[in-house]
1. Of the numbered conditions (1) in a helix (DSSP H, G or I); (2) touching a helix residue (DSSP H, G or I) at 6+ places or on another chain (Cβ under 8 Å); (3) open to solvent by 50 Å² or more (accessible area, probe 1.4 Å), Leu78 satisfies every one except a single condition; which is it?
2. So, in segment 187-206, exactly how many residues are more than 9 Å from the chain's Cα centre (by Cα) and at pLDDT 85 or above?
3. Can you name every residue in segment 196-223 that is closer than 19 Å to Val90 by Cβ and open to solvent by less than 20 Å² (accessible area, probe 1.4 Å)?
4. Residues of segment 91-108 being assigned to a helix (DSSP H, G or I) and either modelled with pLDDT of 90 or more or open to solvent by 10 Å² or more (accessible area, probe 1.4 Å) (or both), which ones?
5. For segment 1-43, enumerate the residues that are of a type in the set (Val, Ile, Thr), open to solvent by less than 10 Å² (accessible area, probe 1.4 Å) and under 17 Å from Phe58 (Cβ atoms).
Amino acid sequence: MIFFQNPISIVLVIIGASLPDFDHNIKKLNVYKMIIIGLISFIILYIANLPYLVGIIFLIIPIIFYFSNHRGFTHSILGIFLLSLLLSIVIIMGIFLIYPSLEYLAIMNNIENYFLVSTVIIVLVLGILTINKNLIVPFIVLFLLGIIFLPIEYYSFFTTFDISYNFINWLIYSINTIIGINLITDFNLVFINQMMICFFLPLFLGFLTHLILDSLTPAGIELFRPFSSKKVHKKFAVACLILILLLAILKYFFTYNYYF
């Protein structure tokens, strides 16, 4: 992977790349499973007086797929942004629901370990729900082996997915400069680094790779649905590939050669 090297981020990319076709009739069974799990999660969390919003959000995701036509909303830029955002929220809320229980068991001596195990559990469940059933066993084996053999230091909660802090800082400074407002401050930089980078980015890139491949087919994709039904084809794919390459070069530059 040109952006990510650890198993969690790679699996999130794979999940994102697998999800858009859940709007196809042959994937409806997976959608029903997600609806049932979301409903059960909502009921359990509500009864236990825990944040049941995570159950509601997880219900919204399969409902979007259920009402989307094949290569419809889930194959649009708005659709993949919304789905990546919702999934990121589910992962983060899931982590903060699971890790207190692990901490209570006192089976580890480092809070980063609790966050890592909680993240692994959430990502593992999402992977089982989304990845092709014929690949589930090798997926679980390879994912867990990757987690076990990669040093824990590599999973620092604030830099989990190998995105240079310097690059993020530069990007945020640039955005603030362009809009002329200190919209993004140091105070909420941690939140952005955790959610929008650690989880949102690999999911979104996974979704985007699926759209790129579908745009190369004769049918193309309706990228700006529901606002426009105009289809995009090879030019969109080429533009995205160039953009991804440029971002990869920037990421490398700020990770290894540039310091603020």
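1. (2)
2. Selection size over segment 187-206: 0.
3. Cys198, Phe199, Pro202, Leu203, Gly206, Phe207
4. Answer for segment 91-108, where residues must be assigned to a helix (DSSP H, G or I) and either modelled with pLDDT of 90 or more or open to solvent by 10 Å² or more (accessible area, probe 1.4 Å) (or both): Ile92, Met93, Phe96, Leu97, Ile98, Tyr99, Pro100, Ser101, Leu102, Glu103, Tyr104, Leu105.
5. Ile15, Val31 - these are the residues of segment 1-43 that are of a type in the set (Val, Ile, Thr), open to solvent by less than 10 Å² (accessible area, probe 1.4 Å) and under 17 Å from Phe58 (Cβ atoms).
The values are calculated or read from the model by the stated rules, or taken from the named source; none is laboratory data. Computed from a predicted structure; not experimentally measured. Glycine gets a Cβ as well: all are built from the backbone with ideal geometry, and neighbour counts include every protein chain shown. For the accessible areas, the whole protein counts, side chains as well, though only heavy atoms, and no ligand, DNA or RNA atoms are used. Shrake-Rupley method; radii C 1.70, N 1.55, O 1.52, S 1.80 Å.
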